[in-house]
Amino acid sequence: MFKKILVANRGEIALRIMRTAREMGIGTVAVYSTVDRNMLHVRYADEAYHIGEGPPLESYLNYHKILDVAKRAGADAVHPGYGFLSERTEFARACTDAGITFIGPSPESVTLLGDKVLARRTMMGASVPVVPGTEGRVEPDEAMRLAPGIGFPLMIKAAAGGGGKGIRLVRQESEIENAVRVASSEAQSAFGDGGVFLERYLSPVRHVEVQVLADQQGNAVALGERECSVQRRHQKLLEESPSPVITQSTREKMMAAAVAAAKASGYYNAGTVEFLYDPNVDEFFFLEVNTRLQVEHPVTEWLTGRDLVRDQIRIAAGEPLGFTQDDVVLRGHAIECRIAAEDPYNNYLPSLGRIAYVSEPSGPGVRVDSSIFSGVEIPYFYDPMLAKLICWAADRPSAIARMKRALHEYIILGVHTNIPFHLQLLDDPRFINGEVHTGFLDSEFKMDEPAAHDEYSQIALLAAAVLSHERRSRNGAQPAFIAGPGAKWREAGRDRLVGGRSSSSSQGSRWRRSID
Ligand code: MV4
């Protein structure tokens with residue numbers, strides 16, 4: 001087994017990975033950008049290394065630097081988390097060349113699945129249903145010929161696209177030739193590959209994905225599905241399992257298709273097979289494979305009782321899965337809400353700045369994967385997701401009730417968050433009845449006016465601002481934690497707890513420290 005893992009990521013997922021590594025007795029190495037120097041992943045790790053400035057290209061995407069650190073620290077494996085370097089085959093190859101294990105799939109299967117045309121062809125060969133469309137890439141004249149057979153409206157998709165990038169809707173025959181030309185040149189400049197293919201446009205559809213685990217010995221299992229139709233502009237906001245519309249018989253077919261997809265692409269480690277699901281005809285179609293640990297993996301962890309990061313690490317170390325499909329029992333219902341620093345009352349505008357105060361929910365059936373704390377500054381350079389709130393209960397109505405309870409417990413002051421959005425969604429009859437589709441948020445959901453009780457949080461915010469101002473004007477503007485690149489954060493953090501500069505030990509001054 002590995003002795004030391006470098007986590008090439010930040011925020012909640014870096015912390016999530018380190019927690020499992022620690023349980024496994026594996027050492028942890030954090031990397032961080034200058035603006036992240038006070039983050040929890042830096043403090044949690046056994047060792048932390050500064051790798052550059054805030055812009056991702058200068059830090060979390062700078063894989064030469066990260067690999068240097070891995071060698072210097074003596075790490076024998078690297079976990080990339082999600083985003084950043086997680087699907088970059090150059091990085092995986094560079095790790096392998098340096099004798100460091102990349103915790104993820106082989107670069108060959110990532111390359112195969114990254115080409116949506118090759119992936120489609122591979123799935124057709126494995127009898128995994130795909131959306132009706134072209135066999136391969138098409139030129140404008142070919143598209144003209146083939147389009148009527150596919151029917152309108154149809155979609156032009158970039159072979160190198162994915163996740164909502166490089167797709168275009170074509171409503172009528174007269175537009176097709178020109179649309180393929182434009183789509184191809186856009187794909188060329190966005191991905192360096194102008195290849196496009198056509199698919200029949202399915203609408204309304206739901207996004208349902210299946211979590212798979214596969215080992216290097218050729219064993220593969222499916223760990224149930226996640227319903228991910230609640231998304232805005234290709235950003236998921238809430239995921240749940242099981243899907244409220246999938247029957248047991250469809251679930252079994254979808255899981256078998258996902259296992260076939262993994263096997264056909266020589267896949268190992270954790271992966272997610274995405275499907276479009278048409279509830280009107282109870283049919284599903286392969287979309288793409290995400291070759292990484294996903295944000296929403298905790299939903300599956302809760303239903304299966306597995307630790308997916310532990311499984312990833314074991315598989316990367318060459319261990320066999322150690323369990324079979326028959327051992328997979330899906331129990332209860334889990335929902336994840338992504339808590340983001342954005343203002344749902346102002347077109348979801350990102351809300352940057354300092355979190356004055358945080359108090360997180362807990363109690364039965366509640367998990368919080370978070371990287372925030374009172375006093376943390378939300379940097380401008382990265383995703384505005386602050387935390388994931390995951391709730392489990394025996395059935396969907398109880399899980400919804402529990403999520404509402406937990407969202408009401410969540411206190412985040414100093415920045416706007418999308419908590420009011422989640423609360424409104426969970427009260428929406430269309431959500432409650434399981435009637436949402438991928439276009440629901442973008443075209444059918446509208447935030448209500450702020451509720452009157454939000455005045456209380458306004459008052460709390462003002463109180464926090466006054467206290468913070470009072471403290472700043474007394475001591476000069478000081479961050480809650482004082483540490484520069486390479487500074488000794490442990491001491492800096494303790495300094496704050498034991499009082500340090502504080503002139504008084506009264507209850508009042510302790511309160512002030514705790515909210516700053
Ligand atoms: C589609 C589709 C309808 N028909 N393909 C968007 C993201 C990319 N992974 C594939 N996407 C879609 N492909 C056909 N043939 C509708 C979508 C789609 C979508 C899919 C999954 C999750 C959210 C979505 C939001 C809008 C459109």
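All of the numbers you see were taken from the coordinates with simple rules; none came from a lab. All values derive from a computational prediction rather than experimental measurement. Every residue, glycine among them, receives a Cβ derived from its backbone with ideal geometry; neighbour counts consider all protein chains shown.
If you keep only loop residues by DSSP, which GluC sites (Glu not before Pro) in region 15-107 have at most 16 other Cβ atoms within 10 Å of their Cβ?
Details: sites: Glu23, Glu47, Glu53, Glu58, Glu87, Glu90; in loops: Glu53, Glu87.
Here the sparse-neighbourhood loop sites are Glu53.
So who's got an amide H within less than 5 Å of the one on Lys165, skipping anything under 5 residues away but keeping other chains? H placed 1.01 Å off N, in plane.
Here nothing satisfies the definition.
Give the shape of region 1-73 as rounded, prolate or oblate, defined through the alpha-carbon gyration tensor: a ≥ b ≥ c are the square roots of its eigenvalues, a/c under 1.5 means rounded, and otherwise the shape is prolate if a/b is larger than b/c and oblate if not.
Working: a/c = 2.17, a/b = 1.43, b/c = 1.53.
Judged from the Cα gyration tensor, region 1-73 comes out oblate (a/c at least 1.5, b/c at or above a/b).
Go through Leu441, Gly365, Phe323 and say which Cα lies farthest out towards the positive end of the charge dipole of the chain; charges sit on Cβ, +1 for Lys and Arg, -1 for Asp and Glu.
Ranked along the dipole, the leading option is Gly365.
Normalise the Cα radius of gyration of the chain by 2.2 N^0.38 Å (N = residues in it) and let me know the number. Let's see the in-between values first.
Values: Rg = 24.0 Å, N = 516, 2.2 N^0.38 = 23.6 Å.
Relative to the 2.2 N^0.38 Å estimate, the chain comes out at 1.02.
Sticking with the crude label model, points 7 Å out along Cα→Cβ, report the distance from Glu252 to Ala190 in nm, one decimal please.
That separation, rounded to one decimal, is 4.0 nm.
If all Cα-Cα distances of region 132-200 are sorted into 10 Å bins from 0 onward, what percent lands in each bin, rounded to whole numbers?
25, 60, 15
Report, in debye and to the nearest 20, how large the dipole of the chain comes out about its Cα centre when Lys and Arg carry +1 and Asp and Glu carry -1 on their Cβ.
Details: 58 positive and 65 negative charges, 390 e Å.
Dipole magnitude for the chain comes out near 1880 debye.
Placing +1 on the Cβ of each Lys and Arg and -1 on the Cβ of each Asp and Glu in region 48-157, which of Ala70, Gly149, Val110 has its Cα farthest towards the positive end of the resulting dipole?
Ranked along the dipole, the leading option is Gly149.
Rounded to a whole number of µm²/s, how large is the Stokes-Einstein D of region 338-481 at 25 °C and 0.890 mPa s, given Rh as the Kirkwood radius over C-alpha pairs? Intermediate results must be reported in sequence, preceding the final value.
On the way: Rh = 16.6 Å.
The estimated diffusion coefficient comes to 147 µm²/s.
Set the Förster radius R0 to 30 Å, insert the Cβ-Cβ distance between His469 and Asp428 as r into 1/(1 + (r/R0)^6), and round the FRET efficiency to 0.05.
Numbers: r = 39 Å, r/R0 = 1.28.
Result of the calculation: an efficiency of 0.20.
Only Lys, Arg, Asp and Glu count, each charged at its Cβ (+1, +1, -1, -1), so figure out the dipole size of region 338-481 about its Cα centre, rounded to 20 debye. Write down the numbers at each step before the final one.
Working: 13 positive and 18 negative charges, 115 e Å.
Magnitude of the dipole: close to 560 debye.
Tell me, what ³J(HN,Hα) does each residue in region 327-344 have, in order and in whole Hz, if you take phi through Karplus 6.51 cos²θ - 1.76 cosθ + 1.60 with θ = phi - 60° and put x for Gly and Pro?
Per-residue couplings from phi come out as 7, 7, 10, 9, 10, x, 9, 10, 10, 10, 10, 8, 8, 10, 7, 8, 9, x Hz.
Quick one: which residues, 5+ away or cross-chain, put their amide H under 5 Å from the amide H of Gly54? H built at 1.01 Å from N.
Long-range HN contacts for Gly54: Thr34, Val35.
Would you pull out the residues with amide H under 5 Å of Thr28's amide H, same chain only if 5 or more places away, H placed 1.01 Å from N?
Under 5 Å from the amide H of Thr28 lie the amide H atoms of Ile5, Asp46, Glu47, each far enough along the sequence or on another chain.
Run the dipole for region 132-200 about the Cα centre, Lys and Arg Cβ at +1, Asp and Glu Cβ at -1, nothing else charged, and hand back the magnitude in debye, nearest 20. Walk me through the intermediate numbers first.
Working: 8 positive and 10 negative charges, 51 e Å.
It works out to roughly 240 debye.
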